[in-house]
2 protein chains.
Amino acid sequence: MNIAVLGTGMVGRAVAARLHELGHTVVVGTRDPGATLARTEPDQMGNPPYAVWQEAHRGIDLATFAGAAEVADLVVNASSGSVTFDVLRAAGAENLAGKVLLDIANPLDFSAGFPPTLSVKDTDSLAEQVQRAYPEVRVVKALNTLNADLMVEPKSLGASSTVFVSGEDPSAKAEVVALLESFGHDDVIDLGGIETARGTEMLLPLWLRLMGALGTPHFNIKVVR
Amino acid sequence: MNIAVLGTGMVGRAVAARLHELGHTVVVGTRDPGATLARTEPDQMGNPPYAVWQEAHRGIDLATFAGAAEVADLVVNASSGSVTFDVLRAAGAENLAGKVLLDIANPLDFSAGFPPTLSVKDTDSLAEQVQRAYPEVRVVKALNTLNADLMVEPKSLGASSTVFVSGEDPSAKAEVVALLESFGHDDVIDLGGIETARGTEMLLPLWLRLMGALGTPHFNIKVVR
């Protein structure tokens, strides 16, 4: 499949690398490819510069958000929730229309420090905002409940754990479930419509505190039933 | 131990019955014991009248909130979040001071229908509000993340699952952890201070949607790490 991954951070890199490894044609989207490749310092999260990562992942092209989305069959929103609407605007509604958008972003607000709060919650969600803003896009919320490494290599936990999908379009969800299963996920729960993304986005406050208590982001939840 | 269970609903009954079974002296608190015993209809959740339940649970006394709290070493807040402050006011600060309060309540707001939203979240929590209002009470948030039956009989799931404690007082948390372990919980994560209750209270939106997707409240999460 031709897949655009919007975002060059930890999540975008992890997802792009795994999709490429699985045989997909992957283009990573960024605002300004020249500027992204010109950076020589680690980003604020301590990730190495994109150019360094790209050296180790030849075969994954870098393009503008619009250029990446235009040629894609499926688009992954791997941007931060705080810039998701800027990124989608840059990608262009015409390049997204009709496509599945796997939305991994969380609406985290770091303006008051750590732990972040949620800029939207409980009576709305980022996923619903995206779906409302882009009614022709087939939005599926998934993978926003776990660390980037575990999103794409869940078996590294050594035990089954759970991920979730939320969305209005059953065939779009089926496409995303197939991708998740190709990553190694063996317990995908379909929560229902896009409204149910409120539940998974609101897991983040517990996730953040668990990371603090456990001293690692290398964990996930399993729904035992 | 002498334990007061404030609340006569599903949670209060489940916790009271289990504590009594484990050999504790349990008094259930209610606003007006005469009125509680006089009811002959199931409550709005479909639970049988308290008098019917009491017949099957002889040895568990019913008293006013204040009467129950007064004689207790440890107090369980098994009330609905919407009435928690009324219940604690009725119990009386003087009857709660210095005691461990195991707070199970969730700040669910059903005023706009189902699923409920949270009346407090993200930048505050019900547990923190209780701790601020009653600084001499040793508040421990726990058990608010799963169904009443599973709170007290977690092994009925057939696999290990996780519960959480949040609170400022290490010895109070240790007392609650010992109680949880006596119920059968084998994976209790101490999230940290009472602020971390924001995380577990905000799990409810996902819990509610999981109940919808799975068609049962008989599930819990396991933190796989």
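Short-range pairs are left out: with C-alpha atoms under 8 Å and at least six residues apart, the relative contact order of chain B is 18 percent. Applied to segment B:129-143, the Karplus parametrisation 6.51 cos²θ - 1.76 cosθ + 1.60 on θ = phi - 60° returns per-residue 3J(HN,Hα) values of 4, 5, 4, 5, 6, 10, x, 8, 8, 9, 6, 10, 7, 6, 6 Hz, with x for Gly and Pro.
Dipole size of the protein assembly as shown about its Cα centre, with +1 on Lys/Arg Cβ and -1 on Asp/Glu Cβ: approximately 240 debye, rounded to the nearest 20.
Each part reduced to its alpha carbon centroid, segment B:65-106 and segment A:196-221 end up 30 Å apart. If we count every other residue with Cβ under 12 angstrom of B:Asp73's Cβ, Lys/Arg +1 and Asp/Glu -1, where does the sum land? That works out to 0. Which residues does the label zone of B:Met1 cover in segment B:40-82, counting backbone N under 13 Å from a point 7 Å along Cα→Cβ? So the set is B:72-77.
Listed cross-link partners B:Lys99/B:Lys173; A:Lys173/B:Lys121; A:Lys173/B:Lys222; B:Lys121/B:Lys141; A:Lys141/B:Lys141 are compared with a 21 Å cut-off, the Cα-Cα value being larger for A:Lys173/B:Lys121; A:Lys173/B:Lys222; A:Lys141/B:Lys141. Under 15 Å from a point placed 7 Å out from the Cα of A:Met45 along the Cα-to-Cβ direction: which residues of segment A:143-167 have their backbone N that close? Within reach of a label on A:Met45: A:143-153.
The protection proxy used here, the mean number of other Cβ atoms lying within 10 Å of each residue, ranks peptides B:7-13, A:172-178 as follows, highest first: B:7-13, A:172-178. Across identical copies of the chain, B:Gly59 has label-point separations of 6.8 nm, listed in ascending order, with the point defined 7 angstrom from Cα along Cα→Cβ. From its DSSP helices (H runs of at least four residues, each -39,500 (n - 2.57)), the protein assembly as shown gives a residue-normalised ellipticity at 222 nm of -10000 deg cm²/dmol.
Taking a sphere under 15 Å around the Cβ of A:Ala91 and counting the other residues whose Cβ falls inside, with K and R at +1 and D and E at -1, yields a net charge of -3. Here the contact order of segment B:72-116, divided by its residue count and restricted to Cα pairs under 8 Å and six or more residues apart, works out to 52 percent.
Based on the alpha-carbon gyration tensor of segment A:2-214 and its eigenvalue square roots a ≥ b ≥ c, which shape applies: rounded if a/c is under 1.5, prolate if not and a/b is larger than b/c, or oblate? Rounded.
In a simple Cβ point-charge model (Lys, Arg +1; Asp, Glu -1; nothing else charged), segment A:2-214 has a dipole of about 300 debye relative to its Cα centre. As a proxy for reagent exposure, ranking B:Thr117, A:Thr216 by other Cβ atoms within 10 Å from fewest up yields A:Thr216, B:Thr117. Counting from the shortest, the label point at B:Glu21, 7 Å from Cα toward Cβ, is 4.6 nm from the same position in each remaining copy.
Using a 7 Å projection from Cα along Cα-to-Cβ, the label point at B:Ala97 is separated from the same position in the remaining copies by 7.0 nm, smallest value first.
Please work out the C-alpha center-to-center distance from segment A:113-130 to segment B:111-166 and express it in whole Å. About 21 Å separates the Cα centre of segment A:113-130 from the one of segment B:111-166.
Every number in this text was worked out from the coordinates using simple rules, so none of it is lab data. Note that the structure is predicted; figures quoted are calculated from it, not measured. Don't worry about glycine lacking a Cβ; one is built from the backbone with ideal geometry, like all the others, and counts go over all protein chains shown.
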